[in-house]
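The values are calculated or read from the model by the stated rules, or taken from the named source; none is laboratory data. Just so it is clear, the structure is predicted and the values come from calculations on it, not from any experiment. Cβ atoms come from the backbone with ideal geometry, glycine included; neighbour counts cover every protein chain shown. Areas reflect the complete protein model, heavy atoms only, side chains present, ligands, DNA and RNA absent. Shrake-Rupley method; radii C 1.70, N 1.55, O 1.52, S 1.80 Å.
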Amino acid sequence: MTNDPRLCAITPDTFDAALGVRVRPDQEHLVAPVVKSLAEAYAHPGVAWPRLIVDGERTVGFLMAFFDIDWTGDGTDRRSGLWRLNIADGEQGRGYGRFAVEAVADELRRRGGTRMFVTWHPGPDGPEGFYLALGFRPTGETSGGQTVGELVLED
């Protein structure tokens, strides 16, 4: 990281910067493009929390969290966590992904959360090692063919 990364809301002024975030070509099959995430955010107001990751004047990534979804559909398991994480090609390996996960964890704590969930594409080219290194543990579940991971949030 070069400066002090921060999260910024998606606004009419930042919309084009958000659409410009592209992961490496070899990772495109692992995460949906930002445009799909923004469409999902529009379709799920109050649940989706899309944000740009900005360092100085540079847009270096995009994340989208989800808050208080009914995981099982019967009201017995409410979950929050990281829905999408897109770190731009050329910006990976600089701590922005870690920053993004920690920023979502902080927001969850602020909202009273004690657990954070994420899903990832399984396989040797997926981000499992990244999430495990941050303390996520597989729950044994899958969602949409992806591994579900959980992180217990400490105060």
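A few comments on the model shown:
- A cut-off under 13 angstrom between Cβ atoms defines the neighbours of ASP70, and their net charge, with Lys, Arg +1 and Asp, Glu -1, is -1.
- Over the residues of the chain, the helix contribution to mean residue ellipticity at 222 nm works out to -6500 deg cm²/dmol, using -39500 (n - 2.57) for each DSSP H run of at least 4.
- Residue list for the stretch 58-95, given a label point 7 angstrom along the Cα-to-Cβ vector of ASP16 and an amide N cut-off under 11 Å: none
- Net +/- balance of residues flanking GLU150 in space, Cβ distance below 13 Å, scoring K and R +1, D and E -1: +1
- Using alpha-carbon coordinates, inclination of helix 96-110 to the longest axis of the chain, degrees: 50
- Once the chain from THR72 to ASP125 is taken as fully extended at 0.36 nm per residue, the excess over their C-alpha distance is 16.2 nm.
- Solvent-accessible surface of the stretch 66-148, averaged per residue with a 1.4 angstrom probe and all protein chains in place: 50 square angstrom.
- Selection among TRP49, THR14, PHE62 by position relative to the dipole of the stretch 1-127 gives TRP49 as farthest towards the positive end (Cβ unit charges, Cα centre).
- Against the rule of thumb 2.2 N^0.38 Å, how large the Cα Rg of the stretch 23-95 comes out: 1.24
- Efficiency of FRET between GLU141 and TYR42 - r from beta-carbon atoms, R0 30 angstrom, step 0.05: 0.65
- The gain in end-to-end length when the THR114 to GLU57 segment is fully stretched comes to 17.2 nm, 0.36 nm per residue minus the alpha carbon separation.
- Degrees, to the nearest 10: 34-43 long Cα axis against longest axis of the chain: 50
- Three-way shape call for the chain based on the alpha-carbon gyration tensor, with the a/c threshold at 1.5: rounded
- On the chain, 50 percent of the accessible area sits on carbon and sulfur atoms, based on a 1.4 Å probe.
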